Amino acid sequence: MSGANHRARDVIRVLIADDHAAIRAGLTMILDGAPDIEVVAEAEDGATAVRKAAALRPDVVLMDVRMPGTDGLTATRQVIEARTAQVIVLTTFDMDEYVYGAIRAGAAGFLLKSVDASRLVESVRLVAAGDGVIEPSVTRRLMAAFASARPAVSRPPGLDDLTQREREVLVCLGEGLSNQQIARRLGVGEATVKTHVSRVLTKLDLRSRVQAAVLAKDAGLVG
């Protein structure tokens, strides 16, 4: 009973959306094997994912892109706009256009479906804690291609409204640093970093730290 109580207090609640039952079962088995994660629901399409996310308010949604009816990108946008959960999009190397769409929709992370169990678990933990995750092997190519597809913006709207500290945080986001890494670099607590990140996103009218990273690169704040 004490273990159950501990789990109830500290659990990260996850919803898995994928139209293949076998994939949902595999992801569920991996995540439920972690002591601090619980899969609270599954969805076989985007519309169901949006509905269950609104009803259950999970911490993280693992969202497949290609599903019947409402696709994963549309569902991601709806979940993010409703602020019902953070979303990690499941993607593949040969479908970059979906990843770009997911960035625009405000996804907090992107993982390949072939991700190993430890990376999947750690990614869910990071996103639940307010960080973003992108599969390391596609990060550089993804950022470069997405940025080149956008019009050059030398002074993005809202950039001048940032405080010096918020600009420093934006640079860190552009470098792909986690909240913990930003806290160490700037000599502040992680809670303070989360506050700064939230303010940066609000002032720049962005939905995710991944969008902030792209903007930082567009603006020339990072190499």
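The values are calculated or read from the model by the stated rules, or taken from the named source; none is laboratory data. Note that this is a predicted model, so its numbers are computed, not measured. Glycine gets a Cβ as well: all are built from the backbone with ideal geometry, and neighbour counts include every protein chain shown. Heavy atoms of the whole protein, side chains included, go into the accessibility calculation; ligands, DNA and RNA do not. Shrake-Rupley method; radii C 1.70, N 1.55, O 1.52, S 1.80 Å.
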Under the definition of Cα pairs under 8 Å and six or more residues apart, what whole-number percent is the relative contact order of region 165-223? 47
Under a point spin-label approximation (7 Å from Cα along Cα-to-Cβ), what is the residue 117-residue 129 distance to one decimal in nm? 2.1
Amide H partners (placed H, <5 Å) of residue 37, local residues excluded: 12
Can you tell me the FRET efficiency between residue 180 and residue 57 if r is taken as the Cβ-Cβ distance and R0 is 35 Å, rounded to the nearest 0.05? 0.90
Ignoring any ligand, DNA or RNA, what whole percent of the accessible area of region 17-137 comes from carbon and sulfur when the probe is 1.4 angstrom? 53
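Is the shape of region 12-81 best called rounded, prolate or oblate, per the rule: a/c under 1.5 gives rounded, else a/b larger than b/c gives prolate, else oblate, with a ≥ b ≥ c the square roots of the Cα gyration tensor eigenvalues? Working shown, then result.
Working: a/c = 2.33, a/b = 1.35, b/c = 1.73.
Cα axes put region 12-81 in the oblate bin.
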Along region 188-195, Karplus-curve 3J(HN,Hα) (6.51, -1.76, 1.60; θ = phi - 60°) to the nearest Hz, with x for Gly and Pro, reads 10, x, 5, 4, 5, 4, 4, 5
Using θ = phi - 60° and the Karplus form 6.51 cos²θ - 1.76 cosθ + 1.60, what ³J(HN,Hα) does each residue of region 199-209 get, whole Hz, x for Gly and Pro? 5, 4, 4, 5, 5, 9, 6, 10, 9, 8, 5
Quick one: grab Rg to one decimal and Dmax as a whole number for region 171-223, Cα atoms only, in Å. 10.5, 28
